[in-house]
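Trainee: Here you go, one structure.
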Amino acid sequence: MALSLFGGTVSGSEIAEQIPRNALALLMVGQLVVIIPLIPYISLWIIAVCLFCGLWRGQVHVGRWSYPPPWVKMLLVIASFVSIALVGGRTFNLEAATSLLVLAFALKLLEMRTRRDAYLVIYLCYFLIANGFLFNQSVAMASYEVLAMVVVTAALVGLNQLQTRVRPIAGLWTAGGLVLQALPLTLVLFLLFPRVGPLWSVPLPNTALTGLAEKITPGDVAALAQSDELSFRAVFEGDIPDFRDLYWRGLVYSEFESGTWSVGPQMGALSQVEAGNADYTYQIFLQPTQTRWLYTLDTPTRYGSKVELLRDYRLQSREPVLSVYRYRVESDKDLVRDIELPRWIRQRETALPENDNPRIRAYAQALLKEHGEARLMVQAMMLALEQGFTYTLKPPRLPRRNAIDALWFDTREGFCSHFAGAVVFALRAAGIPARMVGGYQGGEINPVTGHMVVRQYLAHAWVEYWVPGRGWVRIDPTSAVAPERVESGLGAALSSTDLATLSLLTTTRMGQGELLSDVLAWMDMLEHQWNLWVVGYDANTQKSVLEELLGDVTPAKIGIAIAIGGGVSLFLVSIALFWRRLPQPRHPAEKAFTAFCSTMERHGLGRMPGETPASYLHRLGDLAYLDGAHVARLAQSALYDPESKSSMVATKSLRQWLHRLHLNLIFVKRRTIR
């Protein structure tokens, strides 16, 4: 069968393959919803291409434009691929792969004609939803992607409805129900299905993340102090250390050049470390950093198999941290490190550039000569810091050359890295091995769950110097300049002028707003539980859970558990679907009309085949010498528009007229018999 439209012929199969208009509109909304979370990771010109394609397809949708010719589509594809290659350079990373996928996703709009094309776009939508979790795995992101999944599924529902029956709101409700029905089986598979390694590797994203870096100038840490972004969370097994003892060791800076400290060539890993006391036992949930270094308290003595302890006693992961990384550490706060210092480490930790900072060199050599030993020299420098220096987020800018001379003798204002770098340089100038350590100092305890939160504004730098017979000794020059920073946190050490430069959220997290602090604490608790049981549910955690549930974990037991859990989840879904299909309560008008029909049937006045309620009541009304047309209109209003505001009034009136009609028909029938 074929239809002739505007001089052309359209077959029935072509009509069946057409995309319903409402489903197409919902699909385009779904595309927009899916792309929004990826906007921070793709170029602006790609967003412009997506908007252009959406505009063109929208004009085709309303009949103003036609589909682009093949040569235009080919030109757009070639231009898009060339642009990605030019912008991305030689590197093909996660952002480039995502950009390529989004472009293909948008360009597909320009040739989407049939349901088959729409299905392909929907599958790409689901793939992009999963792709979003490569960049962000937070609770907010997961909630948003569930919403996006509902919208895309609603478009899929609309594609399987008749052209005239596509209802977007009803489709959203249906899609939401489908997502909820899939939830029980999803939970079973998430908890029980074995974690396997990736089948392919994902190129690393290039998006810059805040945090410590392998090269640092004195102002870098001060800049971090203005950020309230999360660095990591810690859960202690036992008592939480005092605030002043929370020195989270991350990086060790051993090289200095032109005012910049750097980590330098990486030291090898320690083959073993002396098993000391487990003064602190804790788990870290580290945010994605795209780097390998980890954070620990003091000297770690026990740690996981996927991390290693380097020769400078900092912990490092074997792979870059691309998602929330969970690891457990035991630390000894009194373990002696390097009681005998190898010559190559001594050379590394005493090296200084020539002809740089001559005044601090002379000062350090004279100070050591005056006091005779490193410990007394350090005490003298700490006293000088206490008496004549100022702690501030906005120190004067220092020159690249002779920066430490300018700080120590001229400006005398700085942040933690200023003071730590100056002390390390002075100790090295006196021939004493010393190095600067970067990490975080302190932490905020969440009052809801008791876990510790460490944010970027707690970034800190301190000093380690080597003493014969004692090994590496930690000192914190900031504790001399601003002791409240080490005792109570950054907020207590800053002046009102410095606090005014921070954002409202940052000052609130520092304890400046009680009501908002409680809200933020609950939000942080939710995010922590999400990381604990969802993002951090790795193979080790799953093994512990399965051992508690099944005892000895074997493939057979896992298979049986999955089968039982899947069966129970499907049974629950079936019960819910069956419950929904139970007979629904009928409308009062329908009940009254059905009872009336049954009564009339007994009197030999039943409905004829194919007779509508309105026609039936019209016929009986005329037979009973009543206004049959009026009764028919009442039935039409009450039965066919039960949701209208006048429905209850019409139902009440219909009942009265049906009762009157019943009595009149009986009277007419008896009169006829006589």
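Trainee: Considering only the stretch 455-502, state which residues are out of contact with any Leu (no Cβ under 8 Å at 6 or more places or on another chain), buried (at least 20 other Cβ atoms within 10 Å of the Cβ) and not aliphatic (A, V, I, L, M).
Mentor: His460, Trp462, Glu464, Trp472, Asp476, Thr478, Ser479, Arg485, listed by residue number.
Trainee: Considering only the stretch 435-454, I want to know if a residue exists there that is open to solvent by 10 Å² or more (accessible area, probe 1.4 Å), more than 30 Å from Glu527 (Cβ to Cβ) and either in contact with a Lys or Arg (Cβ under 9 Å, 6 or more places away or on another chain) or part of a helix (DSSP H, G or I) (or both).
Mentor: Scanning the stretch 435-454 turns up no residue that is open to solvent by 10 Å² or more (accessible area, probe 1.4 Å), more than 30 Å from Glu527 (Cβ to Cβ) and either in contact with a Lys or Arg (Cβ under 9 Å, 6 or more places away or on another chain) or part of a helix (DSSP H, G or I) (or both).
Trainee: Spot the failing condition for Leu199; the list is (1) exposed (fewer than 15 other Cβ atoms within 10 Å of the Cβ); (2) over 30 Å from Val553 (Cα atoms); (3) modelled with pLDDT under 85, and only one is missed.
Mentor: (2)
Trainee: Within the stretch 202-245, restricting attention to residues that are at pLDDT below 75, over 19 Å from Pro395 (Cβ atoms) and not hydroxyl-bearing (Ser, Thr, Tyr), which residue is surrounded by the fewest Cβ atoms within 10 Å (Cβ to Cβ)?
Mentor: Ala208
Trainee: Please find, among Gly551, Gly610, Gly604, Gly621, the residue that is crowded, with 17+ Cβ neighbours inside 10 Å and over 22 Å from Ala182 (Cβ atoms). Before the answer, list the steps.
Mentor: Details: Gly551 fails: crowded, with 17+ Cβ neighbours inside 10 Å; Gly610 fails: crowded, with 17+ Cβ neighbours inside 10 Å; Gly604 fails: crowded, with 17+ Cβ neighbours inside 10 Å.
The match here is Gly621.
Trainee: Which condition does Arg361 not pass, out of (1) open to solvent by 40 Å² or more (accessible area, probe 1.4 Å); (2) of a type in the set (D, E, K, R); (3) within 27 Å of Leu458 (Cβ to Cβ), if it passes all the others?
Mentor: Among (1) open to solvent by 40 Å² or more (accessible area, probe 1.4 Å); (2) of a type in the set (D, E, K, R); (3) within 27 Å of Leu458 (Cβ to Cβ), Arg361 violates only (3).
Trainee: Continuing with the same structure: So which pairs qualify, if the first residue must be in the stretch 386-399 and more than 15 Å from Ala493 (Cα to Cα), the second must be open to solvent by 50 Å² or more (accessible area, probe 1.4 Å), the Cβ gap must be under 6 Å, and the two must be at least 6 apart or on different chains?
Mentor: Pairs found: Gly388/Arg412.
Trainee: While we're here: Select from the stretch 267-317 the residues that are among the β-branched types (Val, Ile, Thr) and touching a residue at least 24 places away in the same chain (Cβ under 8 Å) and write down the one among them that is farthest from Tyr440 (Cα to Cα).
Mentor: Ranking the qualifying residues of the stretch 267-317, first place goes to Val273.
Trainee: Here is a further query. Every residue in the stretch 381-393 that is surrounded by 14 or more Cβ atoms within 10 Å (Cβ to Cβ) and either on the phi > 0 side of the Ramachandran plot or not aromatic (Phe, Trp, Tyr) (or both), please. It would help to see each step written out before you state the result.
Mentor: Keep residues of the stretch 381-393 that are surrounded by 14 or more Cβ atoms within 10 Å (Cβ to Cβ), which gives 381-382, 384-386, 389, 391-393.
Result: Met381, Met382, Ala384, Leu385, Glu386, Thr392, Leu393.
Trainee: What is the one condition in (1) surrounded by 18 or more Cβ atoms within 10 Å (Cβ to Cβ); (2) within 27 Å of Gln290 (Cβ to Cβ) that Met112 does not satisfy?
Mentor: (2)
Trainee: With the requirement that a residue be touching an Asp or Glu at 6+ places or on another chain (Cβ under 8 Å) and among the hydroxyl-bearing types (Ser, Thr, Tyr), what does the stretch 95-123 give you?
Mentor: Across the stretch 95-123, the qualifying residue is only Thr114.
Trainee: Give Gly158, Gly176 a once-over and let me know the one that is surrounded by 14 or more Cβ atoms within 10 Å (Cβ to Cβ), assigned to a helix (DSSP H, G or I) and over 22 Å from the mean Cα position of the chain (by Cα).
Mentor: Gly158
Trainee: Is at least one residue of the stretch 573-583 open to solvent by 30 Å² or more (accessible area, probe 1.4 Å), in contact with a Lys or Arg (Cβ under 9 Å, 6 or more places away or on another chain) and not in a helix (DSSP H, G or I)?
Mentor: Checked the stretch 573-583: no residue is open to solvent by 30 Å² or more (accessible area, probe 1.4 Å), in contact with a Lys or Arg (Cβ under 9 Å, 6 or more places away or on another chain) and not in a helix (DSSP H, G or I).
Trainee: Within the stretch 104-152, can you find the residues that are aromatic (Phe, Trp, Tyr), part of a helix (DSSP H, G or I) and under 20 Å from the mean Cα position of the chain (by Cα)?
Mentor: Start the filter on the stretch 104-152 by keeping residues that are aromatic (Phe, Trp, Tyr), which leaves 105, 119, 123, 126-127, 133, 135, 144.
When the remaining residues are screened for being part of a helix (DSSP H, G or I), the result is 105, 119, 123, 126-127, 144.
Matches in the stretch 104-152: Tyr126, Phe127, Tyr144.
Trainee: Can you find, within the stretch 85-103, the residue that is modelled with the lowest pLDDT among those that are assigned to a helix (DSSP H, G or I) and more than 21 Å from Cys125 (Cα to Cα)?
Mentor: Checking each candidate, the answer is Gly88.
Trainee: Can you tell me how many residues within the stretch 311-344 are more than 19 Å from Phe232 (Cβ to Cβ), open to solvent by less than 50 Å² (accessible area, probe 1.4 Å) and hydrophobic (A, V, I, L, M, F, W, C)?
Mentor: Within the stretch 311-344, residues that are more than 19 Å from Phe232 (Cβ to Cβ), open to solvent by less than 50 Å² (accessible area, probe 1.4 Å) and hydrophobic (A, V, I, L, M, F, W, C) number 2.
Trainee: Another question about this same structure. Considering the stretch 351-385 alone, what residues qualify as being closer than 23 Å to Arg474 by Cβ and free of Cβ contacts under 8 Å to residues at least 24 places away in the same chain?
Mentor: Of everything in the stretch 351-385, those that are closer than 23 Å to Arg474 by Cβ and free of Cβ contacts under 8 Å to residues at least 24 places away in the same chain turn out to be His371, Gly372, Glu373, Leu376, Gln379, Ala380, Ala384.
Trainee: Assuming Pro20 fulfils every condition listed in (1) buried (at least 17 other Cβ atoms within 10 Å of the Cβ); (2) touching a residue at least 60 places away in the same chain (Cβ under 8 Å); (3) out of contact with any helix residue (DSSP H, G or I) (no Cβ under 8 Å at 6 or more places or on another chain) apart from one, which condition is it?
Mentor: All conditions are met except number (3).
Trainee: List the residue pairs whose Cβ atoms are under 7 Å apart, where the first residue sits in the stretch 517-537 and is at pLDDT below 85, the second is aromatic (Phe, Trp, Tyr) and not in a helix (DSSP H, G or I), and the two are 6 or more positions apart or on different chains.
Mentor: What qualifies is Gly536/Phe285.
Trainee: Report every pair of residues separated by at least 6 positions or lying on different chains whose Cβ atoms are under 7 Å apart, first residue within the stretch 321-350 and under 27 Å from Gly211 (Cβ atoms), second assigned to a helix (DSSP H, G or I) and at pLDDT below 90.
Mentor: What qualifies is Ser323/Val535; Val324/Asn531; Val324/Val535.
The values are calculated or read from the model by the stated rules, or taken from the named source; none is laboratory data. Bear in mind the structure is a predicted one, so any value in this text is a computation, not a measurement. Counting neighbours? That spans all protein chains shown, and the Cβs are built from the backbone with ideal geometry, glycine included. Note: areas computed on protein heavy atoms with side chains; ligands, DNA, RNA excluded. Shrake-Rupley method; radii C 1.70, N 1.55, O 1.52, S 1.80 Å.
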